[in-house]
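The values are calculated or read from the model by the stated rules, or taken from the named source; none is laboratory data. Owing to the predicted nature of the structure, the values given are computational and were not obtained by experimental measurement. Cβ sites come from the backbone with ideal geometry, for glycine too, and all protein chains shown count toward neighbours.
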Amino acid sequence: MDTILILDFGSQTTQLIGRRIRDIGVYSKIYPGDADLSRVLTQDVKGVILSGSPSSVYDQDAPEPDESVYSLNIPILGICYGLQRIIHDHGGKVSSLEKKEYGRAKIHFMESQALFNGISDGFISWMSHGDTIERVAPGFRIAAYTENNLPAFIVHDEKKISGIQFHPEVTHTQGGCRILENFSLKICGAKKEWNVETYLGQIRKQISNRVGKKEILLLTSGGVDSTVAAVLLLSALRPQKVHLMYIDSGLMRKMETEEVRTLLESLGAEHLHIINASERFLKALRGVTDPEEKRRIIGDLFIRVQDEETRKLGINCAYLAQGTLYTDMIESGKGVGKKAQVIKSHHNVRSPLVEEKREQGLVIEPLSDLYKDEVRALGRHLGLPTETVKRHPFPGPGLGVRILGEVTREKCEILKEADFIYIHELKRRGLYDQIWQAFTVLLPVRSVGVSGDSRRYGYVLALRAVISKDGMTADVYPFSAGDLLEISAKITNSVKEIGRVVYDISSKPPATIEWE
Ligand code: XMP
């Protein structure tokens, strides 16, 4: 399938470049900026994008691409740092600006260029750079400037190499998608071959080739990702070979286990194993307050319980499957450059036990190439119930990262009740489907209140509701004041341990969606 390869130098928006290109219908794949191209290049790669970066080209450990990238004879587009990298690597000069160019800036063309087909002169672009091109490299030419007279678009006369200083992937850039479309379709000549059906055909074939007649175990949570993964496995392999295991960690939402059982049974699973391990999880979490430590403990325990239970059940599965998404891999620092930071270690990606299996080639992650909305589209295509497809994401460590600080049974029960009321209210008000993710967080503080004539010392509960496309960035959902007031009253009236409700009004970035 025609592919645009993106080399990631650590920019916050690299993901968006990949997303936008897939939205155009062209397959895109992100690799670490320093990826060995001899290993990742195939005939299908029609163009390369060099991403932005928090680094400067003159930093001592600035990320560099495999130098063969410049002799590939396929189109290359540098974005921000990517452009500076190109110019620096070809003998030009990049220098630091006295004042960072940040935010909106108009772009003026010196000549017409295929990259800007359909875009008018003076369009608004989004800038975020502290360096600029002081001197272009031999053979390169500046073909557009920003309103501040800084080079905005540089092109090589003979080689198919060009670069832009602004970020077309960010929605603030007018016609940004058109620019990426011009690059992918017109300049690289890539065909629009990326869609759910093509993917489905490919992935089914891959799964059946890899697993063959061996048995496979999928840890399911009842969420969209693992449910879609389950349907995929059940349709690509013989159902007798597929074992679905659901481990109730005690950190799931109210009534979740029963709902998941009904759902998984309806999928035609022949081997469904529901394990209650809540005591073990709560015991392991006793006294633990650090979020990453909690994630590690929960993640490892999931794998350990799964290992013990499969042994007890006498199942001998050669393969382990997981519903890991592309974004899980990226946020866990996998699939991105060496300097990428681990934002949160999504337990299914970084658990040492899974890592060991992954190294042996025994982990199948059929969704690890997909973004959340692509998984939802796949779920719809596979005929999953709308309610399942539209379920809000729920983190693997569950309520473990929504009870800030130490997790106790009492706090779990309080949070389950409050969350149940919140979600029920959102559904009843027709708001649930407008929101990407909504949940409650139990804070490790108590505050004073009154109940009747007596003083009450209750927990503080935070409500969270965000809108997002893929969880990489998120905006706060703008509830009406009436909805917030009513929901707050319902919670404090029903859950006596909660004395105060607050609404989290932070977007991502700088906050993250979860509180831990
Ligand atoms: P953050 O909080 O990083 O969340 O903005 C982005 C998305 O990822 C989910 N999330 C997790 N999912 N294990 C998971 O499986 C985790 O440890 C984890 N932490 C966050 C979060 O719910 C949101 O959808």
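Miscellaneous remarks
- Subset of the range 354-380 that is touching a residue at least 12 places away in the same chain (Cβ under 8 Å) and basic (Lys, Arg) - its residue that is farthest from Tyr27 (Cα to Cα): Lys357
- Residue check for Leu5: more than 21 Å from Ile133 (Cα to Cα), of a type outside the set (D, E, K, R) and surrounded by fewer than 21 Cβ atoms within 10 Å (Cβ to Cβ): no
- Qualifying residue in the range 170-190 (condition: assigned to a loop (DSSP other than H, G, I, E, B), surrounded by fewer than 17 Cβ atoms within 10 Å (Cβ to Cβ) and more than 22 Å from the chain's Cα centre (by Cα)): yes
- Test set (1) modelled with pLDDT of 95 or more; (2) within 17 Å of Leu251 (Cβ to Cβ); (3) within 27 Å of the chain's Cα centre (by Cα) - Phe394 fails condition number: (1)
- Top-ranked residue in the range 462-474 [being touching a residue at least 40 places away in the same chain (Cβ under 8 Å) and closer than 13 Å to Leu484 by Cα; ranked as nearest to the ligand (Cβ to nearest atom)]: Arg464
- Sole exception among (1) modelled with pLDDT under 95; (2) out of contact with any Pro (no Cβ under 7 Å at 6 or more places or on another chain) for Glu413, by number: (1)
- Applying the criterion of at least 3 residues that are more than 17 Å from Asp369 (Cβ to Cβ) to the strands (runs of 3 or more DSSP E) found wholly in the range 1-66 leaves 45-50.
- Restricting attention to the range 92-122, the residues being under 22 Å from Val136 (Cα atoms), among the hydrophobic types (A, V, I, L, M, F, W, C) and in contact with a Lys or Arg (Cβ under 9 Å, 6 or more places away or on another chain) number 5.
Residue by residue, here is whether (1) out of contact with any helix residue (DSSP H, G or I) (no Cβ under 6 Å at 6 or more places or on another chain); (2) without any contact (Cβ under 8 Å) to a residue 12 or more places away in the chain; (3) assigned by TED's automatic domain parsing to the domain that holds Tyr145; (4) over 18 Å from Arg135 (Cβ atoms) holds:
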{"position": "Asp44", "(1), (2), (3), (4)": "yes, no, yes, yes"}
{"position": "Ser53", "(1), (2), (3), (4)": "no, no, yes, yes"}
{"position": "Ile79", "(1), (2), (3), (4)": "yes, no, yes, yes"}
{"position": "His90", "(1), (2), (3), (4)": "yes, no, yes, no"}
{"position": "Leu97", "(1), (2), (3), (4)": "yes, no, yes, no"}
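- Check on Ile274, among the aliphatic types (A, V, I, L, M), within 30 Å of Lys411 (Cα to Cα), more than 15 Å from the ligand (Cβ to nearest atom) and modelled with pLDDT of 90 or more: yes
- Looking only at residues in the range 285-303 that are surrounded by fewer than 18 Cβ atoms within 10 Å (Cβ to Cβ) and on the phi < 0 side of the Ramachandran plot, the one that is nearest to the ligand (Cβ to nearest atom) is Glu292.
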